[in-house]
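First the structure, in the form of structure tokens, and then the observations on it.
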Amino acid sequence: MSGNTFGLLYCVTSFGESHGPAYGGVVDGCPPGLELSEGDIQKELDRRKPGQSRHVTQRQESDRIEVLSGIFEGKTTGTAIGFVIRNEDQRSKDYSALADTFRPGHADYTYWQKYGLRDYRGGGRASARETMIRVAAGAIAKKWLRERYGVQVRGYLAQVGRTSIPFESWDAVDANPFFAPNAAMVAQLEKQMDELRESGDSCGARVNVVASGVPVGWGEPVYGRLDADIAAAMMGINAVKGVAIGAGLGATVASLWEWQWA
């Protein structure tokens, strides 16, 4: 199976399955001299990890990162940064009833047709747990971009179903389980999610990601445009079905995932 590596100058490769012993990643292209610790990466992984509210999967995972290479005396060496994150709460038996059932959301049928077999335990490589590798690699990139260029990358929940969430404050984003930028909307979102769960239904959502302080001239002409690379990265995330690239917090678009430049 190919398709497990993304990027050229900053290259990220991931491996592992939802119910295997661990997920892991290799980051090539991080410059030397960046002060970096496991704690720098862990704080981003802690925001992603499951079991933090009743609105997400109740799988209990610490998602503790173990950096194996690429850092010496607290600084990156410029060599490959290798790391693993152990799976601790697989509970594979919970999926035994799905051995003969295809779940479109996990590409079960596609895997079966393409490879002649599939890992029905939590989606295998199609599991959303794979995103932890992107989070870890992104944490390293975010720190370098912030310290070297002053670029700040932040995101928030902008819409759930038909409910739009007006932006109020970045301070509100980390203060609720939805990462919503409006504290007054949290109770409504709680009620909406409970009603969805009780009805056995689901809905889409929109996330706005804002990069501020981006220098002029990044990316390459035509096929290597920065917009194109961002869209490809976003579409590689589980369940993302649309990308729109706008300018500023006031941009109005309809998409499941939205990247905006401030």
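No value in this document is a laboratory result; all are computed from the given coordinates. Predicted model, so just to flag it, every value in this text is computed and none were measured. When we count neighbours, we look across all protein chains shown, and the Cβ atoms used for this are built from the backbone with ideal geometry, even at glycine.
Couple of notes before you dig in:
- Selection from Met235, Leu9, Asn208 lying farthest towards where the dipole of the chain points positive, charges on Cβ: Met235
- Taking Cα centre as origin and charging only the Cβ of basic (Lys, Arg, +1) and acidic (Asp, Glu, -1) residues, the dipole magnitude of the chain rounds to 300 debye.
- Once the chain from Ser62 to Lys191 is taken as fully extended at 0.36 nm per residue, the excess over their C-alpha distance is 43.7 nm.
- Summary: within the chain, the longest segment free of trypsin sites (Lys or Arg not before Pro) located in DSSP loops with at most 14 other C-beta atoms within 10 Å is 92-161.
- Dividing the helix sum by the residues of the chain, where each DSSP H run of 4 or more adds -39500 (n - 2.57), gives a mean residue ellipticity at 222 nm of -7500 deg cm²/dmol.
- Positive minus negative residues near Glu195 (Lys, Arg vs Asp, Glu; Cβ under 15 Å): 0
- The length gained by stretching the chain between Tyr223 and Glu88 to full extension, at 0.36 nm per residue less their Cα-Cα distance, is 44.5 nm.
- Sites Ala239 and Ala97, calculated FRET efficiency, Cβ-Cβ separation with R0 22 Å, nearest 0.05: 0.45
- Neighbour-limited loop hits for GluC sites (Glu not before Pro), the stretch 59-167 (at most 10 other Cβ within 10 Å; DSSP other than H, G, I, E, B): Glu73
- Mean-position separation - Cα centroids, the stretch 194-226 and the stretch 103-175, in angstrom: 9
- Charge sum, other residues only, whose C-beta stays under 11 Å from Ile71's C-beta, Lys/Arg counted +1 and Asp/Glu -1: -3
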